[in-house]
Amino acid sequence: MNILITGGAGFIGSAVIRHIIANTSHNVLNIDKLTYAGNLESLVDISDSSRYHFSLNNICNKSAMEKVFHDFEPDIVMHLAAESHVDRSITGSADFIETNIIGTYTLLEVARQYYTNLSDIKKAIFRFHHISTDEVYGDLEEGSDNLFVESTAYAPSSPYSASKASSDHLVRAWYRTYGLPIVITNCSNNYGPYHFPEKLIPLTILNALKGKPLPIYGNGLQVRDWLYVEDHARALFLVATEAEIGETYNIGGHNELKNIDVVKGICNLLEELVPNKPNGIGNYVDLITYVKDRPGHDLRYAIDASKIQKELGWTPNEIFETGLRKTVQWYLDNQDWVENVETGEYKNWIQKQYQNN
Ligand code: NAD
Ligand code: DAU
(Lines give C-alpha, C1' and ligand atoms only; values in the text may rest on other atoms or scores of the structure.)
(Ligands and ions follow the chains in the order given, each with its own letter.)
Protein backbone atom coordinates (compact mmCIF):
# COMPACT_ATOMS: atom_id res chain seq x y z
CA MET A 1 0.00 0.00 0.00
CA ASN A 2 0.93 3.66 -0.32
CA ILE A 3 0.81 5.31 3.10
CA LEU A 4 0.84 9.12 3.29
CA ILE A 5 2.12 10.34 6.65
CA THR A 6 1.89 13.98 7.70
CA GLY A 7 4.31 15.20 10.38
CA GLY A 8 6.65 12.26 9.78
CA ALA A 9 9.73 14.26 10.81
CA GLY A 10 8.33 14.74 14.31
CA PHE A 11 8.72 12.60 17.40
CA ILE A 12 5.83 10.14 16.88
CA GLY A 13 5.61 10.41 13.08
CA SER A 14 9.26 9.38 12.70
CA ALA A 15 8.66 6.37 14.98
CA VAL A 16 5.68 5.37 12.80
CA ILE A 17 7.76 5.63 9.62
CA ARG A 18 10.66 3.66 11.13
CA HIS A 19 8.12 1.00 12.19
CA ILE A 20 6.46 0.73 8.77
CA ILE A 21 9.68 0.66 6.75
CA ALA A 22 11.29 -1.91 9.08
CA ASN A 23 8.30 -4.25 9.46
CA THR A 24 6.21 -4.05 6.29
CA SER A 25 6.63 -3.75 2.53
CA HIS A 26 4.48 -0.59 2.20
CA ASN A 27 5.59 2.68 0.57
CA VAL A 28 5.65 5.82 2.69
CA LEU A 29 5.45 9.47 1.69
CA ASN A 30 6.32 11.85 4.53
CA ILE A 31 4.79 15.34 4.21
CA ASP A 32 6.39 17.72 6.70
CA LYS A 33 6.95 21.47 6.92
CA LEU A 34 10.02 20.97 9.13
CA THR A 35 9.04 23.37 11.87
CA TYR A 36 11.38 23.66 14.87
CA ALA A 37 9.98 20.22 15.92
CA GLY A 38 10.53 18.42 12.62
CA ASN A 39 13.92 16.81 12.04
CA LEU A 40 14.89 14.56 9.14
CA GLU A 41 17.83 13.41 11.25
CA SER A 42 15.28 11.29 13.13
CA LEU A 43 14.85 9.25 9.94
CA VAL A 44 18.48 8.64 8.95
CA ASP A 45 18.13 4.91 9.74
CA ILE A 46 15.56 4.39 6.96
CA SER A 47 16.05 7.37 4.65
CA ASP A 48 17.92 5.36 1.99
CA SER A 49 15.04 2.87 1.65
CA SER A 50 13.52 2.99 -1.86
CA ARG A 51 10.08 2.74 -0.16
CA TYR A 52 10.53 6.03 1.75
CA HIS A 53 9.91 9.45 0.17
CA PHE A 54 9.93 12.94 1.63
CA SER A 55 8.12 16.09 0.53
CA LEU A 56 8.76 19.45 2.25
CA ASN A 57 5.24 20.86 2.40
CA ASN A 58 2.67 22.66 4.51
CA ILE A 59 -0.59 20.77 5.10
CA CYS A 60 -2.46 24.11 4.98
CA ASN A 61 -1.51 24.56 1.31
CA LYS A 62 -4.51 23.08 -0.53
CA SER A 63 -3.09 23.03 -4.06
CA ALA A 64 0.15 21.44 -2.82
CA MET A 65 -1.87 18.78 -0.96
CA GLU A 66 -4.00 18.10 -4.06
CA LYS A 67 -0.84 17.51 -6.07
CA VAL A 68 0.55 15.21 -3.37
CA PHE A 69 -2.65 13.10 -3.36
CA HIS A 70 -2.76 13.05 -7.17
CA ASP A 71 0.90 12.00 -7.57
CA PHE A 72 1.26 9.56 -4.65
CA GLU A 73 -2.24 8.00 -4.76
CA PRO A 74 -2.40 7.10 -1.05
CA ASP A 75 -4.34 4.07 0.18
CA ILE A 76 -4.04 5.29 3.77
CA VAL A 77 -3.46 8.74 5.24
CA MET A 78 -2.00 8.93 8.76
CA HIS A 79 -2.32 12.54 9.88
CA LEU A 80 0.13 13.45 12.66
CA ALA A 81 1.30 16.93 11.62
CA ALA A 82 0.50 19.39 14.38
CA GLU A 83 1.82 22.00 16.72
CA SER A 84 2.17 19.79 19.78
CA HIS A 85 3.56 21.72 22.77
CA VAL A 86 1.08 23.00 25.37
CA ASP A 87 3.39 25.75 26.74
CA ARG A 88 3.94 27.19 23.25
CA SER A 89 0.16 27.23 22.67
CA ILE A 90 -0.24 29.38 25.79
CA THR A 91 2.31 31.99 24.71
CA GLY A 92 1.20 32.00 21.04
CA SER A 93 -1.83 30.10 19.78
CA ALA A 94 -1.95 31.26 16.12
CA ASP A 95 0.14 28.42 14.66
CA PHE A 96 -1.97 25.92 16.61
CA ILE A 97 -5.20 27.23 15.11
CA GLU A 98 -3.61 27.34 11.66
CA THR A 99 -1.99 23.90 11.50
CA ASN A 100 -4.16 21.85 13.85
CA ILE A 101 -7.56 23.18 12.71
CA ILE A 102 -7.13 24.74 9.23
CA GLY A 103 -4.48 22.16 8.28
CA THR A 104 -6.76 19.27 9.25
CA TYR A 105 -9.70 20.89 7.44
CA THR A 106 -7.55 21.31 4.30
CA LEU A 107 -6.50 17.66 4.35
CA LEU A 108 -10.09 16.50 4.93
CA GLU A 109 -11.32 18.47 1.92
CA VAL A 110 -8.50 17.22 -0.31
CA ALA A 111 -9.03 13.63 0.92
CA ARG A 112 -12.79 13.91 0.31
CA GLN A 113 -12.33 14.99 -3.32
CA TYR A 114 -9.69 12.32 -3.86
CA TYR A 115 -11.87 9.59 -2.26
CA THR A 116 -14.91 10.52 -4.36
CA ASN A 117 -12.96 9.80 -7.55
CA LEU A 118 -11.50 6.45 -6.42
CA SER A 119 -12.61 3.13 -7.92
CA ASP A 120 -14.85 0.95 -5.69
CA ILE A 121 -11.91 -1.39 -4.98
CA LYS A 122 -9.71 1.53 -3.89
CA LYS A 123 -12.58 3.07 -1.91
CA ALA A 124 -12.91 -0.14 0.12
CA ILE A 125 -9.28 0.17 1.24
CA PHE A 126 -8.97 3.94 1.80
CA ARG A 127 -8.79 5.34 5.34
CA PHE A 128 -8.01 8.73 6.87
CA HIS A 129 -6.46 8.13 10.29
CA HIS A 130 -6.43 11.20 12.51
CA ILE A 131 -3.91 11.05 15.37
CA SER A 132 -5.07 12.92 18.44
CA THR A 133 -4.52 13.28 22.15
CA ASP A 134 -6.12 12.38 25.48
CA GLU A 135 -5.93 16.12 26.33
CA VAL A 136 -9.23 16.63 24.44
CA TYR A 137 -10.96 15.09 27.48
CA GLY A 138 -9.65 17.75 29.89
CA ASP A 139 -8.43 16.32 33.19
CA LEU A 140 -9.43 13.81 35.88
CA GLU A 141 -9.48 14.52 39.62
CA GLU A 142 -6.20 13.90 41.44
CA GLY A 143 -6.32 10.63 43.39
CA SER A 144 -9.49 9.30 41.70
CA ASP A 145 -9.63 5.94 39.87
CA ASN A 146 -11.50 7.38 36.88
CA LEU A 147 -10.11 6.75 33.41
CA PHE A 148 -10.70 8.38 30.03
CA VAL A 149 -12.86 6.12 27.85
CA GLU A 150 -13.77 6.73 24.21
CA SER A 151 -17.16 8.19 25.23
CA THR A 152 -15.74 10.66 27.79
CA ALA A 153 -17.06 14.15 27.03
CA TYR A 154 -14.65 16.63 25.45
CA ALA A 155 -13.47 19.42 27.82
CA PRO A 156 -10.12 20.75 26.54
CA SER A 157 -8.19 23.16 28.79
CA SER A 158 -5.37 24.68 26.72
CA PRO A 159 -5.26 26.32 23.28
CA TYR A 160 -3.37 23.19 22.12
CA SER A 161 -5.99 20.73 23.36
CA ALA A 162 -8.85 22.94 22.13
CA SER A 163 -7.29 22.98 18.66
CA LYS A 164 -6.93 19.18 18.71
CA ALA A 165 -10.53 18.79 19.94
CA SER A 166 -11.68 21.02 17.07
CA SER A 167 -9.81 18.87 14.57
CA ASP A 168 -11.34 15.66 16.03
CA HIS A 169 -14.82 17.17 15.59
CA LEU A 170 -14.07 18.10 11.98
CA VAL A 171 -12.85 14.58 11.22
CA ARG A 172 -16.02 13.01 12.71
CA ALA A 173 -18.20 15.47 10.79
CA TRP A 174 -16.49 14.54 7.48
CA TYR A 175 -17.33 10.89 8.25
CA ARG A 176 -20.94 11.50 9.26
CA THR A 177 -21.77 14.07 6.56
CA TYR A 178 -19.65 12.99 3.60
CA GLY A 179 -18.93 9.34 4.39
CA LEU A 180 -15.15 9.85 4.35
CA PRO A 181 -13.74 6.63 5.92
CA ILE A 182 -11.96 7.83 9.06
CA VAL A 183 -10.53 6.45 12.30
CA ILE A 184 -9.36 8.50 15.28
CA THR A 185 -6.92 7.67 18.07
CA ASN A 186 -6.48 9.60 21.32
CA CYS A 187 -3.24 8.82 23.09
CA SER A 188 -1.58 9.71 26.39
CA ASN A 189 1.92 11.17 26.91
CA ASN A 190 4.59 9.53 24.78
CA TYR A 191 8.28 9.28 25.67
CA GLY A 192 11.34 7.71 24.07
CA PRO A 193 14.09 8.43 21.52
CA TYR A 194 13.98 11.52 19.24
CA HIS A 195 11.70 13.50 21.60
CA PHE A 196 12.22 17.25 21.14
CA PRO A 197 14.00 18.62 24.23
CA GLU A 198 11.24 21.03 25.25
CA LYS A 199 9.08 18.21 26.70
CA LEU A 200 9.42 17.13 30.34
CA ILE A 201 11.46 13.92 29.96
CA PRO A 202 14.13 14.96 27.41
CA LEU A 203 14.37 18.44 28.96
CA THR A 204 15.08 16.89 32.36
CA ILE A 205 17.71 14.50 31.01
CA LEU A 206 19.56 17.17 29.03
CA ASN A 207 19.34 19.89 31.70
CA ALA A 208 20.64 17.48 34.35
CA LEU A 209 23.61 16.53 32.16
CA LYS A 210 24.47 20.24 31.81
CA GLY A 211 23.94 20.91 35.54
CA LYS A 212 21.01 23.24 34.75
CA PRO A 213 17.82 23.58 36.89
CA LEU A 214 15.09 20.93 36.45
CA PRO A 215 11.87 22.99 36.38
CA ILE A 216 8.80 21.48 38.08
CA TYR A 217 5.58 23.37 37.40
CA GLY A 218 3.52 24.09 40.55
CA ASN A 219 3.69 21.30 43.14
CA GLY A 220 4.73 18.57 40.68
CA LEU A 221 1.86 16.31 41.75
CA GLN A 222 0.16 16.37 38.33
CA VAL A 223 -0.19 12.89 36.86
CA ARG A 224 0.54 11.77 33.30
CA ASP A 225 0.05 8.27 31.82
CA TRP A 226 3.30 7.52 29.95
CA LEU A 227 3.57 5.35 26.82
CA TYR A 228 6.80 4.35 25.07
CA VAL A 229 6.71 5.88 21.57
CA GLU A 230 7.42 2.58 19.78
CA ASP A 231 4.36 1.00 21.44
CA HIS A 232 2.31 3.96 20.17
CA ALA A 233 3.72 3.56 16.65
CA ARG A 234 2.71 -0.13 16.63
CA ALA A 235 -0.79 0.76 17.85
CA LEU A 236 -1.18 3.45 15.18
CA PHE A 237 -0.22 1.12 12.36
CA LEU A 238 -2.71 -1.50 13.63
CA VAL A 239 -5.51 1.06 13.81
CA ALA A 240 -4.68 2.51 10.39
CA THR A 241 -4.76 -0.89 8.72
CA GLU A 242 -7.23 -2.98 10.75
CA ALA A 243 -9.67 -0.81 12.69
CA GLU A 244 -13.35 -0.49 11.91
CA ILE A 245 -14.21 2.67 9.93
CA GLY A 246 -15.68 5.51 12.03
CA GLU A 247 -14.27 4.18 15.31
CA THR A 248 -12.21 5.92 17.97
CA TYR A 249 -9.54 4.20 20.09
CA ASN A 250 -7.87 5.42 23.26
CA ILE A 251 -4.22 4.42 23.57
CA GLY A 252 -2.25 4.48 26.82
CA GLY A 253 0.40 2.64 28.76
CA HIS A 254 -1.11 2.20 32.26
CA ASN A 255 1.87 4.11 33.63
CA GLU A 256 0.32 6.84 35.76
CA LEU A 257 3.07 8.83 37.43
CA LYS A 258 3.39 12.17 39.20
CA ASN A 259 5.70 14.60 37.39
CA ILE A 260 7.97 14.89 40.43
CA ASP A 261 8.42 11.09 40.50
CA VAL A 262 9.30 11.01 36.80
CA VAL A 263 11.97 13.67 37.32
CA LYS A 264 13.37 11.92 40.40
CA GLY A 265 13.42 8.64 38.44
CA ILE A 266 15.55 10.28 35.74
CA CYS A 267 17.89 11.72 38.38
CA ASN A 268 18.35 8.25 39.93
CA LEU A 269 19.15 6.70 36.56
CA LEU A 270 21.69 9.43 35.84
CA GLU A 271 23.36 8.85 39.23
CA GLU A 272 23.97 5.27 38.07
CA LEU A 273 24.82 5.94 34.39
CA VAL A 274 26.69 9.26 34.65
CA PRO A 275 28.16 9.51 38.15
CA ASN A 276 30.66 12.16 37.00
CA LYS A 277 28.65 15.37 37.19
CA PRO A 278 29.30 18.91 36.03
CA ASN A 279 31.35 20.92 38.54
CA GLY A 280 29.67 21.87 41.78
CA ILE A 281 26.69 19.47 41.50
CA GLY A 282 26.05 17.23 44.54
CA ASN A 283 23.18 14.98 43.45
CA TYR A 284 21.10 15.43 40.30
CA VAL A 285 17.94 15.77 42.45
CA ASP A 286 19.45 18.94 43.94
CA LEU A 287 18.81 20.57 40.53
CA ILE A 288 15.02 20.21 40.97
CA THR A 289 13.50 23.70 41.03
CA TYR A 290 9.82 24.40 41.67
CA VAL A 291 8.62 27.15 39.31
CA LYS A 292 5.36 28.99 38.56
CA ASP A 293 2.60 26.61 37.48
CA ARG A 294 1.41 26.28 33.85
CA PRO A 295 -1.85 28.31 33.43
CA GLY A 296 -4.84 25.94 33.19
CA HIS A 297 -2.57 22.99 34.08
CA ASP A 298 -4.44 19.67 33.77
CA LEU A 299 -4.18 17.65 36.99
CA ARG A 300 -4.37 14.05 35.85
CA TYR A 301 -4.59 12.03 32.62
CA ALA A 302 -5.26 8.28 32.66
CA ILE A 303 -6.38 6.12 29.75
CA ASP A 304 -8.60 3.07 29.59
CA ALA A 305 -7.04 1.25 26.62
CA SER A 306 -9.26 -1.85 26.85
CA LYS A 307 -11.04 -1.21 23.53
CA ILE A 308 -7.89 -1.35 21.39
CA GLN A 309 -6.68 -4.33 23.44
CA LYS A 310 -9.93 -6.28 22.93
CA GLU A 311 -10.61 -5.35 19.32
CA LEU A 312 -7.12 -5.23 17.84
CA GLY A 313 -5.08 -7.26 20.33
CA TRP A 314 -2.68 -4.38 21.08
CA THR A 315 -0.85 -4.16 24.40
CA PRO A 316 2.26 -2.12 25.23
CA ASN A 317 5.55 -4.08 25.29
CA GLU A 318 7.45 -1.60 27.43
CA ILE A 319 6.97 -0.91 31.14
CA PHE A 320 7.98 2.57 32.34
CA GLU A 321 11.14 1.46 34.19
CA THR A 322 12.65 -0.27 31.14
CA GLY A 323 11.39 2.39 28.73
CA LEU A 324 12.84 5.22 30.80
CA ARG A 325 16.22 3.46 31.08
CA LYS A 326 16.31 2.97 27.29
CA THR A 327 15.36 6.61 26.77
CA VAL A 328 18.05 8.01 29.08
CA GLN A 329 20.65 5.74 27.48
CA TRP A 330 19.51 6.86 24.00
CA TYR A 331 20.08 10.54 24.86
CA LEU A 332 23.51 9.68 26.28
CA ASP A 333 24.40 7.85 23.04
CA ASN A 334 22.94 10.42 20.63
CA GLN A 335 24.40 13.75 21.60
CA ASP A 336 24.89 14.69 17.91
CA TRP A 337 21.14 14.35 17.28
CA VAL A 338 20.52 16.68 20.21
CA GLU A 339 23.08 19.17 18.92
CA ASN A 340 21.62 19.08 15.40
CA VAL A 341 18.10 19.58 16.68
CA GLU A 342 19.14 22.40 18.96
CA THR A 343 21.14 24.27 16.31
CA GLY A 344 18.88 23.38 13.34
CA GLU A 345 21.94 23.29 11.04
CA TYR A 346 20.96 20.14 9.17
CA LYS A 347 17.39 21.37 8.75
CA ASN A 348 18.56 24.70 7.33
CA TRP A 349 20.70 22.82 4.84
CA ILE A 350 17.76 20.61 3.73
CA GLN A 351 15.48 23.63 3.37
CA LYS A 352 18.05 25.40 1.20
CA GLN A 353 18.32 22.29 -1.05
CA TYR A 354 14.55 22.43 -1.61
CA GLN A 355 14.60 26.17 -2.31
CA ASN A 356 17.37 25.70 -4.89
CA ASN A 357 15.44 22.98 -6.79
P1 NAD B 1 6.02 16.92 17.09
O2 NAD B 1 5.83 18.34 17.47
O3 NAD B 1 7.24 16.20 17.54
O4 NAD B 1 5.97 16.79 15.49
C5 NAD B 1 5.03 17.46 14.70
C6 NAD B 1 5.51 17.39 13.25
O7 NAD B 1 4.54 18.08 12.43
C8 NAD B 1 6.85 18.09 13.02
O9 NAD B 1 7.68 17.27 12.22
C10 NAD B 1 6.47 19.37 12.28
O11 NAD B 1 7.49 19.85 11.41
C12 NAD B 1 5.23 18.93 11.52
N13 NAD B 1 4.35 20.05 11.17
C14 NAD B 1 3.90 21.04 12.00
N15 NAD B 1 3.12 21.90 11.31
C16 NAD B 1 3.05 21.43 10.04
C17 NAD B 1 2.40 21.88 8.87
N18 NAD B 1 1.63 22.98 8.86
N19 NAD B 1 2.54 21.17 7.73
C20 NAD B 1 3.31 20.05 7.71
N21 NAD B 1 3.98 19.58 8.80
C22 NAD B 1 3.84 20.26 9.94
O23 NAD B 1 4.69 16.17 17.56
P24 NAD B 1 4.52 14.68 18.09
O25 NAD B 1 4.78 14.66 19.54
O26 NAD B 1 5.26 13.75 17.19
O27 NAD B 1 2.95 14.51 17.88
C28 NAD B 1 2.43 14.01 16.65
C29 NAD B 1 0.92 13.97 16.73
O30 NAD B 1 0.51 13.14 17.82
C31 NAD B 1 0.29 15.34 16.99
O32 NAD B 1 -0.88 15.42 16.22
C33 NAD B 1 -0.03 15.34 18.48
O34 NAD B 1 -1.15 16.14 18.76
C35 NAD B 1 -0.34 13.86 18.70
N36 NAD B 1 -0.05 13.35 20.07
C37 NAD B 1 1.17 13.56 20.66
C38 NAD B 1 1.42 13.00 21.92
C39 NAD B 1 2.75 13.17 22.61
O40 NAD B 1 2.90 12.77 23.76
N41 NAD B 1 3.77 13.72 21.98
C42 NAD B 1 0.43 12.25 22.55
C43 NAD B 1 -0.80 12.07 21.91
C44 NAD B 1 -1.02 12.61 20.66
O1 DAU C 1 -1.24 13.76 26.90
C2 DAU C 1 -0.77 13.84 25.61
C3 DAU C 1 0.02 15.12 25.41
O4 DAU C 1 1.26 14.96 26.09
C5 DAU C 1 0.25 15.43 23.94
O6 DAU C 1 -0.99 15.65 23.30
C7 DAU C 1 1.15 16.67 23.78
O8 DAU C 1 1.43 16.88 22.41
C9 DAU C 1 2.45 16.41 24.53
O10 DAU C 1 3.27 17.54 24.47
C11 DAU C 1 2.17 16.05 26.00
O12 DAU C 1 1.62 17.19 26.69
P13 DAU C 1 2.08 17.59 28.19
O14 DAU C 1 1.78 19.01 28.41
O15 DAU C 1 1.53 16.60 29.17
O16 DAU C 1 3.67 17.31 28.05
P17 DAU C 1 4.92 18.12 28.67
O18 DAU C 1 6.12 17.25 28.47
O19 DAU C 1 4.97 19.52 28.20
O20 DAU C 1 4.59 18.15 30.23
C21 DAU C 1 4.42 16.96 30.98
C22 DAU C 1 4.05 17.37 32.39
O23 DAU C 1 5.21 17.95 33.01
C24 DAU C 1 2.97 18.44 32.47
O25 DAU C 1 2.17 18.20 33.62
C26 DAU C 1 3.75 19.75 32.64
C27 DAU C 1 4.97 19.31 33.41
N28 DAU C 1 6.22 20.04 33.15
C29 DAU C 1 6.62 20.20 31.85
C30 DAU C 1 7.78 20.86 31.52
C31 DAU C 1 8.20 21.06 30.10
C32 DAU C 1 7.01 20.50 34.18
O33 DAU C 1 6.65 20.33 35.36
N34 DAU C 1 8.17 21.15 33.88
C35 DAU C 1 8.58 21.35 32.59
O36 DAU C 1 9.66 21.98 32.39
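The values are calculated or read from the model by the stated rules, or taken from the named source; none is laboratory data. Being a predicted model, the structure only gives us computed values, none of them experimental. All Cβ positions, even for glycine, are placed from backbone atoms using ideal geometry, and neighbour counts span all protein chains on display.
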Mind listing whichever residues of region 26-51 are in contact with a strand residue (DSSP E or B) (Cβ under 8 Å, 6 or more places away or on another chain) and within 15 Å of ligand 1 (Cβ to nearest atom)?
-> V28, L29, N30, I31, D32, K33, L34, G38, L40, L43, S47
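Within region 266-293, which residues are closer than 15 Å to P215 by Cα and crowded, with 18+ Cβ neighbours inside 10 Å? Don't jump to the end; show me each part of the working.
Taking region 266-293 first, the residues closer than 15 Å to P215 by Cα are 266-267, 284-293.
Scanning region 266-293 gives I266, C267, Y284, L287, I288.
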Could you pull out the residue among D286, D293 that is within 16 Å of ligand 2 (Cβ to nearest atom) and not small (G, A, S)?
-> D293
Does region 127-134 include one or more residues that are away from ligand 1 (no atom under 15 Å from the Cβ) and at pLDDT 95 or above?
-> yes
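State whether one or more residues within region 145-168 are under 30 Å from N283 (Cβ atoms), more than 11 Å from ligand 2 (Cβ to nearest atom) and in contact with a Phe, Trp or Tyr (Cβ under 8 Å, 6 or more places away or on another chain). Don't jump to the end; show me each part of the working.
Within region 145-168, the first condition is being under 30 Å from N283 (Cβ atoms), and the residues that meet it are none.
No, region 145-168 has no match at all.
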Strands (runs of 3 or more DSSP E) lying entirely in region 230-339 (those with 3 or more residues that are among the β-branched types (V, I, T), out of contact with any strand residue (DSSP E or B) (no Cβ under 6 Å at 6 or more places or on another chain) and modelled with pLDDT of 95 or more) = none
What do you reckon, is A235 over 19 Å from R325 (Cβ atoms), more than 16 Å from ligand 2 (Cβ to nearest atom), of a type outside the set (S, T, N, Q) and within 22 Å of the chain's Cα centre (by Cα)?
-> no
Could you look through region 236-271, keep only residues that are closer than 24 Å to F128 by Cα and β-branched (V, I, T), and pick out the one that is nearest to ligand 1 (Cβ to nearest atom)?
-> I251
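Got a sec? Which strands (runs of 3 or more DSSP E) wholly within region 1-96 have at least 3 residues that are surrounded by fewer than 23 Cβ atoms within 10 Å (Cβ to Cβ)? Working first, answer last.
On the way: elements: 2-6, 27-32, 52-56, 76-79.
In region 1-96, 52-56 are the strands (runs of 3 or more DSSP E) which contain 3 or more residues that are surrounded by fewer than 23 Cβ atoms within 10 Å (Cβ to Cβ).
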Pairs where the first residue, in region 1-24, is of a type in the set (K, R) and the second is more than 6 Å from ligand 1 (Cβ to nearest atom) and assigned to a helix (DSSP H, G or I), C-beta under 9 Å, 6+ apart | R18/S42; R18/L43; R18/E230; R18/A233
Could you please find all residues in region 186-226 being more than 16 Å from ligand 1 (Cβ to nearest atom) and within 29 Å of N146 (Cα to Cα)?
-> P215, I216, Y217, G218, N219, G220, L221
Sort through T248, T241, T177, T204 and tell me the only one that's at negative phi, of a type in the set (S, T, Y) and within 12 Å of ligand 2 (Cβ to nearest atom).
-> T204
E98 vs (1) modelled with pLDDT under 95; (2) within 14 Å of ligand 1 (Cβ to nearest atom): all pass except (1)
Counted residues, region 295-315 - those being touching a residue at least 60 places away in the same chain (Cβ under 8 Å), buried (at least 19 other Cβ atoms within 10 Å of the Cβ) and hydrophobic (A, V, I, L, M, F, W, C) = 4
Mind checking which residues of region 26-49 are within 16 Å of ligand 2 (Cβ to nearest atom) and of a type in the set (V, I, T)?
-> T35
Close pairs (6 angstrom Cβ cut-off, 6 or more residues apart or separate chains): more than 30 Å from Q113 (Cα to Cα) in region 170-199, hydrophobic (A, V, I, L, M, F, W, C) and away from ligand 2 (no atom under 16 Å from the Cβ) anywhere | P193/W330
Only listed residue being without any contact (Cβ under 8 Å) to a residue 40 or more places away in the chain, within 15 Å of ligand 1 (Cβ to nearest atom) and over 21 Å from A243 (Cβ atoms), chosen from A162, A155 | A162
Any idea which of L214, L209 is buried (at least 21 other Cβ atoms within 10 Å of the Cβ) and either more than 9 Å from ligand 2 (Cβ to nearest atom) or farther than 21 Å from S14 by Cβ (or both)?
-> L214
